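In what follows, a single structure is set out as structure tokens and then discussed.
The values are calculated or read from the model by the stated rules, or taken from the named source; none is laboratory data. Just so it is clear, the model here is predicted, and its values are computed rather than measured. Ideal geometry is used to build each Cβ from the backbone, glycine not excepted, and the neighbour counts take in all protein chains shown.
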Amino acid sequence: MMSEKSKPRIGVYVCHCGTNIAATVDVEAVAEYAQNLPGVVQARHYTYMCSDPGQTLIKEDCRALGLNRVVVASCSPRMHEPTFRAAAQEGGVNSYRTEMANIREQCSWVHHDKEAATRKAKVLVASAVAKVTHLEPLEEREAGVHPGTLVIGGGVAGLSAALDVAEAGFPAYIVEKSDRLGGHVAELGHTFPDLEPTADWLAPLIRRVEEHPAITVMLDAQVEEVAGFVGNFEVTVLQGGQAQQIDVGTIVIATGYQLFDPSRKPEFGYGRYPGVLTTWELEQRLATGDLVVAGRAPQDVAFIKCVGSRDIQLGNPYCSRVCCMVAAKQAQMVRQALPETRVTVFYIDVRAFGKRGEEFYDEAREAGVRYRRGNVSEVYRRGERLVLRVEDTFLRRTVEHETDMVVLAVGMEPRDDTGVISALLKLPRSADGFFLEAHPKLGPVDTTTNGVFLAGCCQAPKDIPDTVAQAKAAASSALIPLIRGTVPVISETAIVDAELCAGCGMCVDVCPYGAPALDPLWGVSRINAVLCKGCGACAVTCPSKAICLQQFTPEQIMAQVDVLTV
Amino acid sequence: MQDIQQFANEIGLDLDLLACIQCGKCSGGCPVSITTALNIRFLVYESLLDALPELVHMEELWDCTCCFTCVERCPKDVRPAELIITLRNQLVESGKIPGTIGEALMGIFRQGNPLGLAREDRALWAEGLDVKPAREGCDTLLFTCCYSAYDVQSQPATKALVRILHAAGVDLGYLGTEETCCGNEVKRVGEKAMFDEMLVEEGKALLESVGARCIVTTSPHCYNTFKNEYGLEGIEVLHYTQVLARLLEEGQLKLSVPVEKTVTYHDPCFLGKQNKVFDEPRAVLRAIPGLNFVEMDRIRERSLCCEGGGGRMWFEGTNTEDRLAFQRVQEAVDTGAEVLAVACPFCLAMLADAAKVKGLEEQLKVMDISELVVQALGDGG
């Protein structure tokens, strides 16, 4: 029996959504119908319930009529549930005692017959009213935060992110797998689109990181285990055979990429002909000035682009975004080093986007680099020289281009160990194998795991400015919980009835978030409410029906369903 | 474009015109793109724009050897060669095909072989070899390519193979005059209906009726279509080099007589590029005692096509002066090899002919791998 205090006093608010709902559903009739449902004290309809006047209507009713539950019949809860929960809360109604009836996406937008749609809207409202009747108030909850950020990877992305976190006054821990900082970029002699020596800016960046009192650099180290949740991550780092635990509030993944291995494209003869090298290898040769092939300076150098990129058969459908500019850079540098040498870039498309990209491409051509359109199909030997077999698609003629040095502009791939990090942090990957951002537009540095952010090429191929920009964005997002000092945690968690629990542990196995654990003393399941995401997997798995998910209890759901099946 | 794409789909091809980015990987690697007017990339472009010229005037459509280099390399998986097969199907439908190809198809229709030779003569090559009729039941069914059976140039290899398999104790059966062309090239010259309705339907039933555990083919072409297109159930399809490599590895086949020759090997497109069988033929050659194995520059995925596939055995092509086989035999000679080993009756015909035309016969002998293996058999084979 319900006490007088919790006896339902429900307000129902039917939204017109302009004409989105009102054109197909008789909203007035729905409100009238709702008025007579059990427990309903007030039912209204209004043009836009989400507008300020609409919200005010709810708040004022809550106070004036002493409502303790609210039903809004409007759109999908995805957008406006927080809006209406807040309105109810302001009116003195526990925000978890609100329910939405979706009469737009699930009714007016998908039906034409107004009479039938109105009937359906009434049933949906009755169902929401039935559920809200059984809803219990829940507490808003918060958890504390370990002040600090773990940065996985010590390349340019990791360095930039760590520096921003540290500059904001919080500790940053860089865990780097190799024995030095700087990542791939440290092996680049010069950068596009300015041909500046990389060391000029990278060395000071590394020095600032190394000397920063708030940054701890761990080399030859890797993350072994990650427990906890946003604000309270417990990270086990393995360094020199020694495990140590670092507690942080947030994590930035900056693990970078690996270069495509061109031996997977056997038609180029990489590994077979000494004159065939990758852009990476040429970078090292340009640094030492050693451009000799077969005992002499090459008279002809040819670049092949898109090696390992834009290739569905290889499983790399994406553009690696940097190779066009890398080729333009190296082609210019070869021209500078060997002014007599003919340099040709074979391309499918020239992607010279970004600041100064197109200008840099202009500069390459002005430096005498020849651009020919055609995707080189194979490389073979003729005497001492190499032959590229390629159709010049503008000439509409297949040619044999004789050369001395073939440079393969190799693309980027997800690192082989991406799966390890992905498993540690339960991070999804996109179809191409890189880490998946939470939203392509609105959450490009966020992940589906709260408190874990992405920076640099581990998310997708990108150049240095974009990497640094993303790293700084990830750092600023990672700082938010640290600065606030607390993190909100959801309230609709699963709870265990210890009387019913048999301690079988199936909930422990099925939970993707590690929330349930068997109590060592009592042998029953205990759910860490802070870890629980409210997915309900444990509740449906539990053979003893000992677990229920708050806001989705069997009683609540059955009440909702019963009305629908009348 | 839609018409062509739809037609391709209707005849069961995976051609995907819309995926094309016109990069030129196909045309750049097409072995006949320099020596003929065929430009497969441009054909795709013209198809996309509905700007194809009248097909009957495009003699180069018959130059394609269906080596599938373009299909293997296309980064967008357009499967460019299937456009040519599609267009050939359209030409076949309207009856506008080169006369020699028509004759070959007629030969298959009437006699079960493109040479148009009498069906009852198909097993003459096997006289005296004591090959068991497949009907008596066998573990391994030998399937001879029409050329392996009828062509005097190929017959020694066929006989050699039987001797080797017998020496290794293989329970071998043969269909003899019941055998009919596999139709691999029939499909590729655009006679889809004949391939499906006559060859696959009847051939599949025939092959399955034997109850053999595996089929061993003399030709990579039969191997390709049986393995990938016939949908044979419960039968393993193997090219003979795979069988020999396996027998050598398991010790059932022993080679003891040295064959003191320097030998190089030419990868057939339908065995190598299209089915990735690169290592077994080499393993067999390396297992021959005394044999000095050398490689040419263009091997495996980069092997040069002999121009015998895709119906080119029955059509001269527009590049008679400048055949790829001419280039290939020269490449073989340049390695210092005395023998150019092949594993395909088409390659044998094309390359042996080229060696003759180029006057290289004295320097270079074109031989099937089984002809070399048989020499290494202890008891004379």
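Tell me, which strands (runs of 3 or more DSSP E) wholly within segment A:361-441 include 3 or more residues that are aliphatic (A, V, I, L, M)?
Because the criterion is at least 3 residues that are aliphatic (A, V, I, L, M), the strands (runs of 3 or more DSSP E) in segment A:361-441 that meet it are A:385-392, A:405-410.
Evaluation of residue A:407 against the conditions (1) among the aliphatic types (A, V, I, L, M); (2) more than 14 Å from chain B (Cβ to nearest Cβ); (3) surrounded by fewer than 17 Cβ atoms within 10 Å (Cβ to Cβ); (4) closer than 23 Å to residue B:27 by Cβ shows that the sole unmet condition is (3).
Restricting attention to segment A:306-338 and to residues that are in contact with a Leu (Cβ under 9 Å, 6 or more places away or on another chain) and within 11 Å of another protein chain (Cβ to nearest Cβ), the residue that is farthest from residue A:357 (Cα to Cα) turns out to be A:308.
Of the residues making up segment B:296-320, those that are hydroxyl-bearing (Ser, Thr, Tyr) and either in contact (Cβ under 8 Å) with a residue 24 or more places away in the chain or touching a strand residue (DSSP E or B) at 6+ places or on another chain (Cβ under 9 Å) (or both) number 2.
For segment A:389-399, name all the residues that are surrounded by fewer than 22 Cβ atoms within 10 Å (Cβ to Cβ) and within 7 Å of chain B (Cβ to nearest Cβ).
Listed by number, the list holds a single entry, A:396.
Inclusion of residue B:192 among residues that are of a type outside the set (A, V, I, L, M), closer than 30 Å to residue B:87 by Cα and within 17 Å of the chain's Cα centre (by Cα) is not warranted.
Which of the strands (runs of 3 or more DSSP E) found entirely inside segment B:130-217 contain at least 1 residues meeting this: touching a Gly at 6+ places or on another chain (Cβ under 6 Å) and of a type outside the set (Ser, Thr, Tyr)? Reasoning before the result, please.
Numbers: elements: B:140-143, B:172-174, B:214-217.
In segment B:130-217, the matching strands (runs of 3 or more DSSP E) lie at B:140-143.
Those residues that are at negative phi and in contact with a Phe, Trp or Tyr (Cβ under 6 Å, 6 or more places away or on another chain), I need them from segment A:294-330; list them, please. First the steps, then the outcome.
Quick first cut of segment A:294-330, residues at negative phi only: A:296-305, A:307, A:309, A:311-314, A:316-320, A:322-330.
Once the filter is applied, which keeps residues that are at negative phi and in contact with a Phe, Trp or Tyr (Cβ under 6 Å, 6 or more places away or on another chain), segment A:294-330 yields A:304, A:305, A:325, A:327, A:328, A:329.
Confirm whether residue A:130 is in contact (Cβ under 8 Å) with a residue 60 or more places away in the chain and not assigned by TED's automatic domain parsing to the domain that holds residue A:252. Criteria met by residue A:130. Scanning segment B:57-67 for residues that are hydrophobic (A, V, I, L, M, F, W, C) and either closer than 14 Å to residue A:378 by Cβ or surrounded by fewer than 20 Cβ atoms within 10 Å (Cβ to Cβ) (or both) gives B:58, B:67. Selection of segment B:33-51 for residues being within 24 Å of residue B:303 (Cβ to Cβ), more than 9 Å from chain A (Cβ to nearest Cβ) and out of contact with any Pro (no Cβ under 9 Å at 6 or more places or on another chain) yields B:35, B:36, B:37, B:38. Can you find a residue in segment A:527-544 that is in a strand (DSSP E or B), surrounded by 16 or more Cβ atoms within 10 Å (Cβ to Cβ) and among the hydrophobic types (A, V, I, L, M, F, W, C)? Among the residues of segment A:527-544, at least one is in a strand (DSSP E or B), surrounded by 16 or more Cβ atoms within 10 Å (Cβ to Cβ) and among the hydrophobic types (A, V, I, L, M, F, W, C), which makes the answer yes. Total residues in segment A:545-566 satisfying the condition of being part of a loop (DSSP other than H, G, I, E, B) and farther than 23 Å from residue A:490 by Cα: the figure is 2. Of all the listed residues (A:115, A:99, A:81), the sole one being among the acidic types (Asp, Glu) and outside any helix (DSSP H, G or I) is A:99. Only one entry in B:328, B:282 is within 22 Å of residue B:144 (Cα to Cα) and either part of a loop (DSSP other than H, G, I, E, B) or in the same structural domain as residue B:365 (by TED's automatic domain parsing) (or both), namely B:282.
Confirm whether residue A:210 is in a helix (DSSP H, G or I), in the same structural domain as residue A:390 (by TED's automatic domain parsing) and either within 22 Å of residue A:321 (Cβ to Cβ) or more than 26 Å from the chain's Cα centre (by Cα) (or both). So residue A:210 fails the test.
Tell me which of these residue A:380 doesn't satisfy, since it passes every other one: (1) over 38 Å from the mean Cα position of the chain (by Cα); (2) more than 14 Å from chain B (Cβ to nearest Cβ); (3) of a type in the set (Ser, Thr, Tyr). Residue A:380 satisfies every listed condition except (2).
So for segment B:78-92 (the condition being at the interface with chain A (Cβ under 10 Å from one of its Cβ atoms), surrounded by fewer than 24 Cβ atoms within 10 Å (Cβ to Cβ), out of contact with any strand residue (DSSP E or B) (no Cβ under 9 Å at 6 or more places or on another chain) and in a helix (DSSP H, G or I)), does at least one residue qualify?
Filtering segment B:78-92 for residues at the interface with chain A (Cβ under 10 Å from one of its Cβ atoms) gives B:78.
Within this subset, residues satisfying the condition of being surrounded by fewer than 24 Cβ atoms within 10 Å (Cβ to Cβ) are none.
No, there is no match, as no residue in segment B:78-92 is at the interface with chain A (Cβ under 10 Å from one of its Cβ atoms), surrounded by fewer than 24 Cβ atoms within 10 Å (Cβ to Cβ), out of contact with any strand residue (DSSP E or B) (no Cβ under 9 Å at 6 or more places or on another chain) and in a helix (DSSP H, G or I).
Scanning segment A:253-290 for residues that are touching a Lys or Arg at 6+ places or on another chain (Cβ under 8 Å) and away from chain B (no Cβ under 14 Å) turns up A:255, A:256, A:257, A:258, A:277.
Restricting attention to segment A:62-120, which residues are small (Gly, Ala, Ser) and under 17 Å from residue A:20 (Cα atoms)? Break it down stepwise before answering.
Here is the first cut: in segment A:62-120, the ones small (Gly, Ala, Ser) are A:64, A:66, A:73-74, A:76, A:86-88, A:91-92, A:95, A:101, A:108, A:116-117.
Within segment A:62-120, A:73, A:74, A:76, A:101, A:108, A:116, A:117 meet the criteria.
So, in segment A:243-276, of the ones that are in contact with a Pro (Cβ under 9 Å, 6 or more places away or on another chain) and under 30 Å from residue A:345 (Cβ atoms), which residue ends up surrounded by the fewest Cβ atoms within 10 Å (Cβ to Cβ)? Across segment A:243-276, the extreme among qualifying residues is A:271. Quick check: anything in segment A:433-441 within 30 Å of residue A:303 (Cα to Cα), of a type in the set (Gly, Ala, Ser), surrounded by fewer than 20 Cβ atoms within 10 Å (Cβ to Cβ) and modelled with pLDDT of 95 or more? Within segment A:433-441 (the criterion being within 30 Å of residue A:303 (Cα to Cα), of a type in the set (Gly, Ala, Ser), surrounded by fewer than 20 Cβ atoms within 10 Å (Cβ to Cβ) and modelled with pLDDT of 95 or more), the answer is yes, since at least one residue qualifies.
Put simply, of B:20, B:30 the only residue that is more than 11 Å from chain A (Cβ to nearest Cβ) and closer than 16 Å to residue B:78 by Cβ is B:20.
Confirm whether residue A:339 is more than 30 Å from residue B:273 (Cα to Cα) and surrounded by fewer than 17 Cβ atoms within 10 Å (Cβ to Cβ). The answer is yes for residue A:339. As for segment B:219-235, it holds no residue that is farther than 19 Å from residue B:331 by Cα and within 14 Å of chain A (Cβ to nearest Cβ). The numbered conditions (1) under 23 Å from the mean Cα position of the chain (by Cα); (2) assigned to a helix (DSSP H, G or I) are all true for residue B:297 except (2). Checking each residue of segment B:286-296 against the condition of being charged (D, E, K, R) and either under 22 Å from residue B:115 (Cβ atoms) or touching a helix residue (DSSP H, G or I) at 6+ places or on another chain (Cβ under 7 Å) (or both) gives no match. Applying the set (1) of a type in the set (A, V, I, L, M, F, W, C); (2) in contact with a helix residue (DSSP H, G or I) (Cβ under 6 Å, 6 or more places away or on another chain); (3) over 28 Å from residue A:143 (Cβ atoms) to residue A:254 leaves exactly one unmet item: (3).
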